[in-house]
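Only one structure is covered here, and it is reproduced in the block below.
The values are calculated or read from the model by the stated rules, or taken from the named source; none is laboratory data. Small disclaimer: the values here were computed from a predicted structure and weren't measured. Neighbour counts run over all protein chains shown; Cβ positions are idealised from the backbone, glycine included. Accessible surface areas use protein heavy atoms only, side chains included; no ligands, DNA or RNA. Shrake-Rupley method; radii C 1.70, N 1.55, O 1.52, S 1.80 Å.
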Amino acid sequence: MIDESITLSRKSTLVIVIRTYFEDYPSGAYVFNLDLIELTNTTSESITNQLLSCLHKHGFEQTFLKECFIASACDGASVMLGKNKGVAKRLQSIFPNLVIWHCSNHRLELAVNDCVNEVCGINHFKIFIDKIYSLYNQSPKNQNELRQAAANLETQLLKIGRILSVRWVASSRRTVNAIIHNYQALGLHFDNDFIDPTRDTRERAKYDGLKKYLSSTDFVKNLTLFADALDELAALSEQLQKQNMNLTQADRAVRVTIRVLESMATTPGPKFADGLRSIQETSSYRGIKLHEGKVVPINPAQFFTSLANNLKNRLISVSSSNTTTTNYDNDMNVKTYMNLLESIKVLEPTHWPKNNDGAVVNITYGDNEVRNMCKLFHLNHYKNQIIHGFRTYKMCEEKDEIPDDLKPLLKAVATIPISTSECERNFSSMNEIVTLLRSSLNVETIAALLFINCVGPPLTIFNPEKYVRSWLAQGKLRIECLFS
């Protein structure tokens, strides 16, 4: 898994994360940070050459890579997934059977962005939330006044951020749920500032406008509608980020979410239903009286149908007519995703055709798919024993007992990366290391600290004694005092 970012000192870097399988690791695939390298330039050719040089430096020889390098994941940047000269295409020219994967979390974000462009009203909703964020993010005075309003209501404030920005949908969910939680405090603060004699006419008019927008019935409907959608999308995003997530589990999670969104097009979600009930019964929401304001409403059926359709297009089967998707993404998704997924599904007992007594109808079911996967994952020299193990597995009464002969194929399947979220976690750790006071750190130093931070043991079990004794013996350090 690879991803590109820029440090605080404006240096272009590439983080390299490995997903592999250790025999003694209990949870299946193991994901860890390998290195962070400084890019001399950001062309696809340079990134490819530096990536391979880094792998060789760490002992991954070319012969080993040709046998064991079976998949690579990245985001959808053109330099990475360009159809003709992207990093993925260059890697495939060296490793012809390499599976290239466009990060599922980035695809999810693209699907949400497609929906924003299709559905009327979402941009108006986003602009209002951004206004609230700016109002409190840029003014400590407003923050203190909102905090005082919440204290008067005996509620605890939740932090309000942006929505549908560069951050993933889980961040948008937190913001929308924070608006719902802080709804009454926001209304009280807007009322107080509207009648505040210390503010000028322009400021009071601004807060009056904010209160009118906030207390509109259509805004409450939009807010609760969005909360239901983001709850489902954020849950899917978090599932796809799990380190032990495999291809079939990810596909199942996506399909479940799509069906939930399709059902919400006709059946209101819990928060939207609660908002509608409150509007109909009391003409208020969370203690604030509502009115019919001039807010652009979001059509629930159109909104959820658009979300479901875009998730299908981006995460299941991309249509070549989808102009918002790159050509390489179309080719990769049709050729790799569907064929590979159908092949992998034959390994799951739930997909085996069975008689009424539970026995498999055809003992050779799935053999062709297994042969194709053995070729794809460079396991031809194990092919016969893998097929034998697969047939034995179909005859086993206890499906938890996987034959040893089948395990090499299952391990290879488990190493296919679903998401590059681990790269994003590495960048988050890098931002904690490279601060304004340490912005001039060399990339090699950052890489070493990043590796320790992401892969090293917790500080609580680190024993520094042997290192201190080594420093003292070499005369490099003198300790003036001891700490208990």
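The accessible-area ordering, largest first, of the residues 200, 75, 404, 251 stands as 404, 200, 75, 251, per a 1.4 angstrom probe.
Note on residue 200/residue 401: beta-carbon distance plugged into 1/(1 + (r/R0)^6) with R0 of 56 Å gives a FRET efficiency of 0.15. Each listed q (0.20, 0.21 Å⁻¹) maps to a log10 I(q)/I(0) for region 146-287 from the Debye sum over equal C-alpha point scatterers, namely -1.24, -1.30. When both bridge partners sit in the chain, DSSP labels roughly 75% of those beta bridges antiparallel.
Per residue, the chain exposes 52 Å² of solvent-accessible protein surface, assessed with a 1.4 angstrom probe and all protein chains in place.
Between residue 357 and residue 388, what's the calculated FRET efficiency when r is the beta-carbon distance and R0 is 30 Å? Round to 0.05.
With a Förster radius of 30 Å, E is 0.80.
Here the contact order of the chain, divided by its residue count and restricted to Cα pairs under 8 Å and six or more residues apart, works out to 21 percent. Taking a spot 7 Å from the Cα of residue 5 along the direction of its beta carbon, which residues of region 216-259 have an amide N less than 18 Å from it? Zone members listed by number: 238, 241-243.
Measuring only protein heavy atoms, the 1.4 Å probe finds residue 264 accessible over about 20 Å². About its Cα centre, region 173-248 has a charge dipole of approximately 100 debye under the convention of +1 per Lys or Arg Cβ and -1 per Asp or Glu Cβ, with nothing else charged. When peptides 50-63, 8-21 are sorted by average Cβ neighbour count within 10 Å, with the highest value leading, the order is 8-21, 50-63. One decimal place: the segment residue 155-residue 466 gains 106.8 nm when fully extended, by the rule 0.36 nm per residue minus the C-alpha distance. Taking all protein chains as they are arranged and a probe of 1.4 Å, the heavy atoms of residue 213 leave approximately 50 Å² accessible to solvent. Ignoring any ligand, DNA or RNA, what whole percent of the accessible area of region 68-226 comes from carbon and sulfur when the probe is 1.4 angstrom? C and S fraction of accessible area: 50 percent. Ordering of 133-146, 409-422 by packing is 409-422, 133-146, highest average first (other Cβ atoms within 10 Å, averaged per residue). In terms of accessible area, using a 1.4 Å probe and ignoring ligands and nucleic acids, 1, 395, 338, 80 rank largest first as 395, 338, 1, 80.
Say the cut-off is 18 Å between C-alpha atoms; which of 126/294; 242/312; 383/407; 131/206; 212/289 go over it? 242/312, as the Cα separations exceed 18 Å there.
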